[in-house]
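The values are calculated or read from the model by the stated rules, or taken from the named source; none is laboratory data. It should be emphasised that the depicted structure is a prediction, and the values quoted were computed from it without experimental measurement. Methodologically, a virtual Cβ is constructed for each residue, glycine included, from the backbone with ideal geometry; neighbour enumeration extends over all protein chains shown.
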Amino acid sequence: MDMFTKLTGVEKRYIELEKVLSDPETVRDREAFQKYGREHAELSRIVDTFRAYKQVLKELEESMELMRDSDPGIKSLAKDEMESLNENKETLEQDLKKLLLPKDPYDDKNVLIEIRAGTGGEEAGLFAGDLFRMYGRYAENKGWKVEIMSQSVTGVGGLKEIISMVHGKGAYSRFKFESGTHRVQRVPVTETQGRIHTSAVTVAVLPEAEDVEVNVDPNEIKVDVYRSTGPGGQSVNTTDSAVRITHLPTGLVVTCQDEKSQLKNKNKAMKVLRARLLDRMVREQAEKRSEQRKNQIGSGDRSGRIRTYNFPQGRVTDHRVGLTLYKLESILQGDIDHILDELATYHQSQALQHADSKQQGAAMDHS
């Protein structure tokens, strides 16, 4: 199906929705009205752009007619007009291709962010803390809420691991390209010679899974309770409030001991388990469709890095898009929109190329 036919179908559906939404019966049914209203709002940008595109095509046709005029002045004006209209047409075509790309079904969801210290010992743990604060500040600026699901601290105030949930509409769409190995280059506080050390931290980003998406059979999990422990292994409280859940079919293990209540810890651990199971399911489906999917978090060593934070130079480089910014301090304060926008644009262009090559392949098959 060519793009024009697809867009005509979208516009037809949009007009149908306008009729449905003005029907008094729909207005009375609040749930139906909201459902159709959401669909109408999602289609409005595509339809507005398509109507502008059709208007440009109509004006191009009129300019073609004027090009046949015997008056050289009119011909010249029509030629200039056509150049401008063709540029406009190309821009609108690109916009429409982007708007027609399949939407990630998880984009609007809350997001689970898992940060783990990799190579580099205490220094990696300290940087894991820096990354967690960076994401937390970014989320705060967006008006989103950050909930710590579980954490394991190091002796010098760093983090071996921290798992948090960011609650906010569209949180997953903003954080989803943060998965991978983040490398830091700086002089550690403990370094007397002033040498720069390189450490690595891994980040995994997973959409929150609803109960309906991932149904966990209570018979397939093993729940252990024990006493919470602090950094030095000492018991933090006197009750068995810490929870360890093992998902028997997959062997996935989730522990949570941050809350004083066993029930709260169990609920948090179940949320983490569901998100990991959903991620596993999505990856398996992607592999079945033979789509190449890179390993989410890499090996935790210095290879396979996605971004480098160089403290001596105040520089942050994202290796996937070749973007370098000399504003490390403000980035660590949560000013990461510019990086996230670049990554979203890059992945969108990759998806467009993939869609175009698939279309060309289909056209060749038909020829």
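For this structure, a couple of remarks:
- So VAL47, is it of a type in the set (Val, Ile, Thr), surrounded by 15 or more Cβ atoms within 10 Å (Cβ to Cβ) and touching a Lys or Arg at 6+ places or on another chain (Cβ under 8 Å): no
- In region 198-245, residue modelled with the lowest pLDDT [restricted to those that are small (Gly, Ala, Ser) and surrounded by 13 or more Cβ atoms within 10 Å (Cβ to Cβ)]: SER228
- Test: GLY136 is more than 30 Å from ASP2 (Cα to Cα), within 19 Å of the chain's Cα centre (by Cα), in a helix (DSSP H, G or I) and of a type in the set (Gly, Ala, Ser): yes
- When restricted to residues that are closer than 20 Å to GLY170 by Cα and either touching a Leu at 6+ places or on another chain (Cβ under 9 Å) or surrounded by 16 or more Cβ atoms within 10 Å (Cβ to Cβ) (or both), region 331-346 contains 9.
- Entirely in region 1-106, the helices (runs of 4 or more DSSP H) that have 2 or more residues that are at pLDDT below 90 and under 26 Å from TYR172 (Cα atoms): 30-67, 72-100
- Counted residues, region 66-111 - those being loosely packed, with under 15 Cβ neighbours inside 10 Å, over 22 Å from the mean Cα position of the chain (by Cα), more than 16 Å from PHE50 (Cα to Cα) and not aliphatic (A, V, I, L, M): 12
- Qualifying residue in region 31-50 (condition: closer than 17 Å to GLU90 by Cα and of a type outside the set (Val, Ile, Thr)): yes
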